[in-house]
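In what follows, a structure is listed as structure tokens, so that the remarks can point back to it.
The values are calculated or read from the model by the stated rules, or taken from the named source; none is laboratory data. None of these values were measured; they are calculated from a predicted model. For neighbour counting, all protein chains shown are included, and Cβ atoms are generated from backbone atoms with ideal geometry for every residue, glycine included.
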Amino acid sequence: MSVREPVAVATGTAVPEREVGPITPTDIVRFAGAGGDFNPLHHDPAFARRAGFDGVIAMGQMQAGMLASWLTDWCGVEYLRELDVRFRAPVRPGAVLRFTGEATGLGDLDGEPVAALALRAAVGEDEVVRASAVIAVNDGSRAGPVGRS
Amino acid sequence: MSAERTRTVGDVLDEVAFTVEAGKVGEFARATHATDPVHSDPVAAAAAGFGALAATPTHVVVSGHHRDQRAMVERLGLALERVIVGSVRWRYRRPLVVGDELRGVRRLVGDERVGGGSGRPPMRRITLETTFVDAAGEAAVEWREVVLERGVPS
């Protein structure tokens, strides 16, 4: 059975950018339905105002999920080892999310060559998500395709 | 319920069991704008070495459908309208595919007061960890959430 090669990465290698948006209330509701997050903060404007926001905001898992899917569309979901995501600012309808990232170093995780990545999502100049990831990579030493399952 | 004992660090908060389903994989892939055909096309998934359609990396978020978030928030004594998620962390042992039968046990692994000062009330920081184990009893994915409850200004 053929398996995909991990991406070849050097320090500084950029992840191809992606833009998602403008985010609509429908996008937020679609994610709520997909994931089962029915906190009214994410679909009920009156509740959101009582909570101190000027309207509904996206659940962090939406932008985290978009970031994760953006990353693994590039590196392959079977090669993602670790992902840490910090939410820095709320995402509101109208936001255009711009995902960018780059490799910050190469290393070894349980005997496997990996790269550490610094990732982010920004709305205009404002960073709304900051993330780091560890992915398995092809560092040139692999004899052939390697897959875990 | 007031008779319930307060949860303390180390306690199990809830348990969830579900099967990774093709329709849900597709729905979640679309909701997160995933484009890799391994999430939607069985032929592409097989060609990439997966035994079935592959789930997107944060797929276990769908466990929200099988959990009672509101009850958990109450059990932790949190005010829902002041709760925000601060960060999430994932550790992957293997990718999930359609047909995987998962069981996730969520534990309270941290509960502390942070911040405050200069006129701002401290926040309560709750750390929750769920390990999703497959039918063979092997851990597949670990998911950690840090939840913040904003303080009430005095």
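Residue B:70 passes every criterion in (1) surrounded by fewer than 14 Cβ atoms within 10 Å (Cβ to Cβ); (2) at pLDDT 95 or above; (3) within 17 Å of the chain's Cα centre (by Cα) apart from (2). The set of residues in the stretch B:11-30 that are among the small types (Gly, Ala, Ser), free of Cβ contacts under 8 Å to residues at least 40 places away in the same chain and surrounded by fewer than 24 Cβ atoms within 10 Å (Cβ to Cβ) comprises B:23, B:26. Of all residues in the stretch A:20-39, those that are in a helix (DSSP H, G or I), more than 10 Å from residue A:59 (Cβ to Cβ) and either within 8 Å of chain B (Cβ to nearest Cβ) or charged (D, E, K, R) (or both) total 4.
Look at the stretch B:70-99: where a residue is in contact (Cβ under 8 Å) with a residue 60 or more places away in the chain and at the interface with chain A (Cβ under 7 Å from one of its Cβ atoms) and a partner is in a strand (DSSP E or B) and of a type in the set (A, V, I, L, M, F, W, C), sitting 6+ places away or on another chain with Cβ atoms under 7 Å, you get B:85/A:87; B:85/B:147; B:86/A:87; B:86/B:146; B:86/B:147; B:86/B:148. Of the residues contained in the stretch B:36-50, none is found to be surrounded by 19 or more Cβ atoms within 10 Å (Cβ to Cβ), modelled with pLDDT of 95 or more, within 15 Å of residue A:72 (Cα to Cα) and touching a His at 6+ places or on another chain (Cβ under 6 Å).
Can residue B:37 be described as more than 21 Å from residue A:82 (Cβ to Cβ) and free of Cβ contacts under 8 Å to residues at least 60 places away in the same chain? In short, yes.
Is there a residue being at the interface with chain B (Cβ under 9 Å from one of its Cβ atoms), in contact with a helix residue (DSSP H, G or I) (Cβ under 8 Å, 6 or more places away or on another chain) and either among the small types (Gly, Ala, Ser) or closer than 17 Å to residue A:138 by Cα (or both) anywhere in the stretch A:82-94? Within the stretch A:82-94 (the criterion being at the interface with chain B (Cβ under 9 Å from one of its Cβ atoms), in contact with a helix residue (DSSP H, G or I) (Cβ under 8 Å, 6 or more places away or on another chain) and either among the small types (Gly, Ala, Ser) or closer than 17 Å to residue A:138 by Cα (or both)), the answer is no, since none of the residues qualifies. Within the stretch A:46-56, is even one residue closer than 21 Å to residue B:80 by Cβ, of a type in the set (Gly, Ala, Ser), out of contact with any Lys or Arg (no Cβ under 7 Å at 6 or more places or on another chain) and not in a loop (DSSP other than H, G, I, E, B)? Checking the stretch A:46-56: at least one residue is closer than 21 Å to residue B:80 by Cβ, of a type in the set (Gly, Ala, Ser), out of contact with any Lys or Arg (no Cβ under 7 Å at 6 or more places or on another chain) and not in a loop (DSSP other than H, G, I, E, B).
The residue that is surrounded by the most Cβ atoms within 10 Å (Cβ to Cβ), among those in the stretch A:4-58 that are hydroxyl-bearing (Ser, Thr, Tyr) and either touching a Pro at 6+ places or on another chain (Cβ under 6 Å) or in contact (Cβ under 8 Å) with a residue 40 or more places away in the chain (or both), is A:13.
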